[in-house]
Structure formats: structure tokens, C-alpha cells
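Taken together, the values in this text are just the output of simple stated rules run on the coordinates, not laboratory data. Values in this document were obtained by computation on a predicted structure and should not be read as measured data. Neighbour counts are summed over all protein chains in view; Cβ atoms, including those assigned to glycine, are modelled from backbone coordinates with ideal geometry.
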Amino acid sequence: MLSEPLLFAIRAATGVTLVPGTVQAVAGGSINSCYRLRDRRDRSWFLKVNGADCAAMFSAEATGLRELRAALALRAPEPAGQGTTPDCAWLLLEWLDLEPGTDEAAARLGERLALQHRHVAERCGWQQDNTIGTTPQPNGWSDSWTGFWRERRLGFQLALAARQGYADVAARGAQLLDRLPRLLAGHTPAASLLHGDLWGGNWAMARNGEPVVFDPAVYYGDRETDIAMTELFGGFPHAFYVAYERAWPLDAGYARRRDIYNLYHVLNHLNLFGGGYRAQALALLERLQPR
């Protein structure tokens, strides 16, 4: 049962009066407690709850969802509001009836992701920091894509890995950071609007067949980072890649950059979940050694 102070805080911030007896715990990943509730107008809502120290994480997620929705490319849940009580932080979203995506939905996802990636900024980064999982993700604006990826992505994760005792990964990673300007030489991508955490668990299909994305880690950068992550944990349906390539073909050299970009997510999993990802991180670093 959700507390009265929480329900009061939601009503005060959003104007939505949730009915306590309609609370239903639902799956929502391993980070937050998630619920489906109904309001007095018989509408359903999706509620995320976590500790009070997660207020900034929820605020950034809500801002990121609004950024994605404003691009008018892919559907994402509409945030109704977020806030805190003395005991917790919360985020209220519209409820969407979702189901596993079909090949047709995957193709539409590819087409619309390419359209989203056409929404660009003058520099890479974003207006606020957010999180990748529960790991802080620094997003300060940068004029250099290579510098951004070196400092705010790989460098940040490698520093975390060093503090957690993965000295071998950190040492190999430091060598890669030195070579990164050469590895990315000549690659000056547009700063595309990115989902930022686009693995298979963060998209689904609405009942009308429309693809939906959620749980973003939004920033602006190389569109290839989104595509690379789709290949990291099992891959997306073939129809997704065919449709994306038809809409906006990837640049030459993507296969090499894919490992550079996916190393970020493997390092994040190492830092979040432990040594089971150490071998995968070292294997990626080995593939990126000069030949």
C-alpha cells in the first residue's frame, strides 16, 4: 500500500487523485518500485518510486522523456510530474498498454529512430546530467565529440572501475583513452538526439502497433551510439536495422566505433553489477588494441 503522504504529494503536484485501493505492483526493471494505479476519472497511471535521494534521477528522466516527445518521431510516455516526500522520490507517467514488438513494429522503430536522430543540437551533451541505470551520467556541453566521449563517457566509467578495484580494466582503458583521438580521427558526427540506453528492454509496442521507447538516458551525440547499443545485449529484429539503414545509412567505419561505444555500457554494467562483466570489458579493450 502506498502512503497517504505520497498520494497527497502526487495530487498536489499533478492534480491527479489516485485511488489507493487500485494499487497494483508491476514490473519496471530492477531499480525502482513500480505500480499501476487508477484515478477518480478511471484513468490508469504508471508510478515509479525510489528513495528520496533519487529525486534528481526522476527529474532528469522526466525532462528526457519530454525531449524525446518534442522531436515528434518516437512515442514515449508522457510525464505527469515528479517530486518527493520525506521518505521517497516519485515519478508519475501516463499508462500505456504495451506488448512485445513485432517485426513490423521493429521496422517502424528503425524508421522513426532515424527521424529522431535528425533532430540535432549545435554541440554534444545536454542541459543537465542524468543517470545510466543508477550510475551518474555527466552531460556538460562540448564542442568536441571525441573529447566528450573520452572524458564524460569512457573516462568517467574507467575512473569508477579503478575505484572499485578493477585495476587491469582501468590500465587497459587508460591506454585506449590515449589512442581515442586517432581511433575517432575524421569522425565528426552531428549531435543527434539520443535515447541513450536503447537496449531491447527499453522498447515495446502499443496495441495499435506503434513502437514506444522508455527509460531513456537522453543526450545529444553520435547517432551510432544508439545503434551500437541495440546490438550489445542480443540485438534487435533484423527489420529494425534494414529500416534504419534505408532511412539513414550508417557511416563507413561504424563496426570499429561500435566497440568503442559499447565499451561504455559494458563498463557501466561492470561498475553496477560486478566482476561478471570484467571479461567482456577486457575482450572489448583487446579488440581495440592496435594491429
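For the chain, the longest principal axis of the Cα atoms and the long axis of helix 238-247 meet at an angle of about 80 degrees. Each Cα pair under 8 Å and six or more residues apart adds its sequence gap; the mean of these over the residue count of region 4-96 is a relative contact order of 28 percent. Axis angle, to the nearest 10 degrees, between helix 254-273 and the longest C-alpha principal axis of the chain: 50 degrees. Per-residue Cβ neighbour counts within 10 Å put Glu245, Glu61, Glu151, Glu122 in the sequence Glu122, Glu245, Glu151, Glu61, beginning with the fewest. Positive-end ranking of Ala114, Phe8, Leu267 along the dipole of the chain, with charges on Cβ about the Cα centre, is headed by Leu267. Is region 159-291 best put as rounded, prolate or oblate by its Cα gyration tensor, with a ≥ b ≥ c the root eigenvalues, rounded for a/c under 1.5, and otherwise prolate when a/b is larger than b/c, oblate when not? It is oblate, given that a/c is not under 1.5 and a/b is not larger than b/c.
Just need the relative contact order of the chain here, percent rounded to a whole number, with Cα pairs under 8 Å and 6+ apart. Relative contact order comes out at 18 percent. 3J(HN,Hα) couplings calculated from phi for region 190-198 with the Karplus curve 6.51 cos²θ - 1.76 cosθ + 1.60 (θ = phi - 60°) are, in sequence order, 5, 8, 7, 6, 10, 5, x, 9, 8 Hz; Gly and Pro show x.
For region 4-96, a simple Cβ point-charge model (Lys and Arg +1, Asp and Glu -1, everything else neutral) yields a dipole of about 340 debye relative to the Cα centre. Extending 7 Å from Cα along the Cβ direction at Arg69 and again at Gln280 yields two label points whose distance is 3.2 nm.
Close amide-amide hydrogen proximity is noted between Ala89 and Asn50, Gly51, Ala52, Cys54, each under 5 Å apart and 5 or more residues distant or on a separate chain (H modeled in the peptide plane; Pro and chain starts excluded).
Considering the values [x] 19.7, 65; [y] 18.1, 54; [z] 19.9, 73, which represents Rg and Dmax of the Cα atoms in Å as calculated for the structure under consideration? So the structure-derived entry is [x]. When the helices of the chain are scored as -39500 (n - 2.57) per DSSP H run of n ≥ 4 and the total is divided over every residue, the value at 222 nm lands at -12500 deg cm²/dmol. Once both labels are positioned 7 Å from their Cα atoms along Cα-to-Cβ, the gap between Ala12 and Leu272 label points is 3.2 nm. Taking the 0 to 90 degree range and rounding to the nearest ten, how far is the long axis of helix 278-287 tilted relative to the main principal axis of the chain, both from C-alpha atoms? Around 40 degrees separate the two axes. Basic side chains Lys and Arg get +1 at the Cβ, acidic Asp and Glu get -1 at the Cβ, and with that the dipole of the chain about its Cα centre reaches some 300 debye. Note the full-extension length gain between Arg36 and Leu177 as 0.36 nm times their separation in residues minus their Cα-Cα distance, in nm to one decimal. Answer, rounded to one decimal: 46.3 nm. Available extension along the chain between Met1 and Thr135 is 45.4 nm, counting 0.36 nm per residue and deducting the alpha carbon span. Comparing Trp248, Ala159, Ala217 along the charge dipole axis of the chain, the residue lying farthest to the positive side is Ala159, per the Cβ-charge model.
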